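Colleague: Mind looking over this structure? Questions follow.
The values are calculated or read from the model by the stated rules, or taken from the named source; none is laboratory data. Given the structure is predicted, the values throughout are model-derived calculations rather than measurements. Note: ideal-geometry Cβ built from the backbone for every residue, glycine included; neighbour counts use all protein chains shown. These area figures cover heavy atoms from the full protein model, side chains too; ligands, DNA and RNA do not enter into them. Shrake-Rupley method; radii C 1.70, N 1.55, O 1.52, S 1.80 Å.
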Amino acid sequence: MLNDAEVHRAGNSSNDRILLDCDTGIDDALALTYLCSLDHVRLEAVTSTPGNVDVKQVAANNRALLNLCGKPNVPVLIGAREPLEIPLVTTPETHGPHGVGYATLPAPGADSSVNNDAVDYWIEAACASPGELTVLLTAPLTNFALALRREPRLPWMLRKVVIMGGAFYYQGNTTPTAEWNTHVDPHAAKEVFAAYTAAAEQGLDSSKLPIVCSLDTTERFEMQPDFLTKLSEEAGCAEPEIVQASDPEGTLSKSSNPLVRYLSDALRFYFEFHRQYDQGYIAHVHDYFAAGVAAGTLEYETRPATVDVETESRLLFGTTVADFRGLWGKPANAQVVVANDPEAGFAELVQRLGALARKLNENS
Ligand code: RIB
Ligand code: CA
């Protein structure tokens with residue numbers, strides 16, 4: 001049996017440097033917006049990975065969102081343009097053709113930073129200040145696997161690693177057993193966890209192991225449409241933002257607040273998608289939960305485990321397996337989240353995004 005569970009209370013340092021690697025998508029957009037709302041977080045960079053949509057669209061979404069959130073100077077970079085070994089499969093049916101549902105933003109102007117290599121940036125940022133950089137991955141792990149190939153010391157250099165991905169003894173959302181991020185690039189995920197097994201065998205402290213937010217707990221962050229009503233009230237909108245299941249599909253927000261309007265149009269598409277797949281008019285905001293774990297603002301409980309990924313079997317391709325009991329005789333290579341608090345999480349999100357939306361509106 002590997003060690004006992006650990007409870008992690010909310011509590012953040014004064015200046016958390018976070019690098020976000022994402023495949024912006026709707027819940028990635030929510031995670032990025034949330035990070036922009038936190039005064040104690042310094043966004044080091046936003047690196048783009050292909051997944052929900054192709055990587056150029058991901059980068060364009062990231063830059064447009066950073067402009068909207070008043071952070072136009074945060075570097076946006078591209079690393080890998082395809083998974084390590086298999087062709088890219090995107091999911092326009094889940095996040096919309098452009099990755100952000102029905103939302104639209106002015107196309108950002110040309111930016112040279114987008115052409116710098118994300119993987120080199122990762123390594124330079126981590127090695128320039130050992131023990132200070134937190135990385136949050138809400139996408140397939142392609143860039144992380146490439147970074148670990150180029151710099152095997154990364155596990156020792158990074159302060160904290162949070163990964164949204166996988167499903168353990170829990171139904172998959174892409175195949176009956178596989179979660180989307182690991183299914184898009186299972187070879188990258190396998191390499192990442194193998195690298196942490198090797199690091200653990202060389203004595204890496206358990207506090208440096210990746211914190212894995214898998215579907216088992218991210219699907220507990222089930223957003224209801226009334227989140228948008230609460231958000232509009234918190235943002236001081238003259239009119240409450242009402243989104244309901246009886247609305248015609250594709251109804252666009254008329255909110256006078258640009259951030260409320262953007263999130264409403266993005267999330268409405270996500271509510272419709274979840275309903276289409278018999279999950280109700282709700283939205284699983286996986287990446288937001290992972291962002292709260294990375295920022296130290298949400299509570300969670302973890303258990304150490306040895307994680308591996310299936311890359312051979314047709315039946316189980318992309319499936320993640322967690323050994324919590326040491327049956328494989330290998331050291332733990334991950335801290336898997338086993339409990340969280342969605343109610344507190346959504347209250348936090350309303351408060352932070354409401355304040356950001358109000359501030360942006362006042363400054364516009
Ligand atoms: O399975 C959920 C994950 O896949 C989330 O990160 C979502 O954005 C998609 O990338
Ligand atoms: Ca994502």
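Colleague: Of the residues in the stretch 338-361, how many are modelled with pLDDT of 95 or more, open to solvent by less than 40 Å² (accessible area, probe 1.4 Å) and either over 24 Å from Arg220 (Cα atoms) or of a type outside the set (A, V, I, L, M) (or both)?
Modeller: 8
Colleague: Looking at Asp21, Asp28, which one is assigned to a helix (DSSP H, G or I) and not aromatic (Phe, Trp, Tyr)?
Modeller: Going through Asp21, Asp28 in turn, the sole match is Asp28.
Colleague: Just wondering, is there one or more residues in the stretch 160-172 that are surrounded by fewer than 23 Cβ atoms within 10 Å (Cβ to Cβ) and free of Cβ contacts under 8 Å to residues at least 12 places away in the same chain?
Modeller: no
Colleague: Of the numbered conditions (1) over 19 Å from Tyr270 (Cβ atoms); (2) touching a Lys or Arg at 6+ places or on another chain (Cβ under 7 Å); (3) of a type outside the set (Phe, Trp, Tyr), Glu233 satisfies every one except a single condition; which is it?
Modeller: Among (1) over 19 Å from Tyr270 (Cβ atoms); (2) touching a Lys or Arg at 6+ places or on another chain (Cβ under 7 Å); (3) of a type outside the set (Phe, Trp, Tyr), Glu233 violates only (2).
Colleague: Being without any contact (Cβ under 8 Å) to a residue 40 or more places away in the chain, farther than 29 Å from Glu272 by Cα and aliphatic (A, V, I, L, M) narrows it down to one of Leu77, Leu43, Leu19, so name that one.
Modeller: On the way: Leu77 fails: without any contact (Cβ under 8 Å) to a residue 40 or more places away in the chain; Leu19 fails: without any contact (Cβ under 8 Å) to a residue 40 or more places away in the chain.
Matching residue, one of Leu77, Leu43, Leu19: Leu43.
Colleague: So how many residues does the stretch 1-39 have that are modelled with pLDDT under 95 and open to solvent by 10 Å² or more (accessible area, probe 1.4 Å)?
Modeller: Final tally of qualifying residues: 15.
Colleague: Considering Glu239, Glu222, which residue is touching a His at 6+ places or on another chain (Cβ under 8 Å) and away from ligand 2 (no atom under 16 Å from the Cβ)?
Modeller: Matching residue, one of Glu239, Glu222: Glu222.
Colleague: Return the residues of the stretch 131-159 that are outside any helix (DSSP H, G or I) and surrounded by fewer than 20 Cβ atoms within 10 Å (Cβ to Cβ); say none if nothing qualifies.
Modeller: Gly131, Glu132, Glu151, Pro152, Arg153, Arg159
Colleague: Can I ask one more? Looking at (1) in contact with a strand residue (DSSP E or B) (Cβ under 9 Å, 6 or more places away or on another chain); (2) open to solvent by 30 Å² or more (accessible area, probe 1.4 Å), can you tell me which one Arg81 breaks?
Modeller: The number of the failed condition is (1).
Colleague: Please note which helices (runs of 4 or more DSSP H) are completely contained in the stretch 225-337 and include at least 1 residues that are open to solvent by 10 Å² or more (accessible area, probe 1.4 Å) and acidic (Asp, Glu).
Modeller: Values: elements: 226-234, 258-276, 286-295.
The helices (runs of 4 or more DSSP H) meeting that bar are 226-234, 258-276.
Colleague: If you don't mind, another one. What pairs come out if I take residues in the stretch 195-209 that are farther than 15 Å from Asp308 by Cα and pair them with residues that are among the basic types (Lys, Arg) and open to solvent by 10 Å² or more (accessible area, probe 1.4 Å) whose C-beta lies under 9 Å away, six or more apart or interchain?
Modeller: Close Cβ pairs (under 9 Å, with a partner that is among the basic types (Lys, Arg) and open to solvent by 10 Å² or more (accessible area, probe 1.4 Å)) amount to Glu201/Lys330; Ser207/Lys160; Lys208/Arg159; Lys208/Lys160.
Colleague: Still on this structure, I have one more. Could you please give the count of residues in the stretch 41-55 that are within 16 Å of ligand 1 (Cβ to nearest atom), touching a helix residue (DSSP H, G or I) at 6+ places or on another chain (Cβ under 8 Å) and within 19 Å of Ala147 (Cα to Cα)?
Modeller: Adding up the residues that qualify gives 6.
Colleague: (1) small (Gly, Ala, Ser); (2) open to solvent by 10 Å² or more (accessible area, probe 1.4 Å); (3) not in a helix (DSSP H, G or I): which one isn't true of Ala60, the others all being true?
Modeller: (3)
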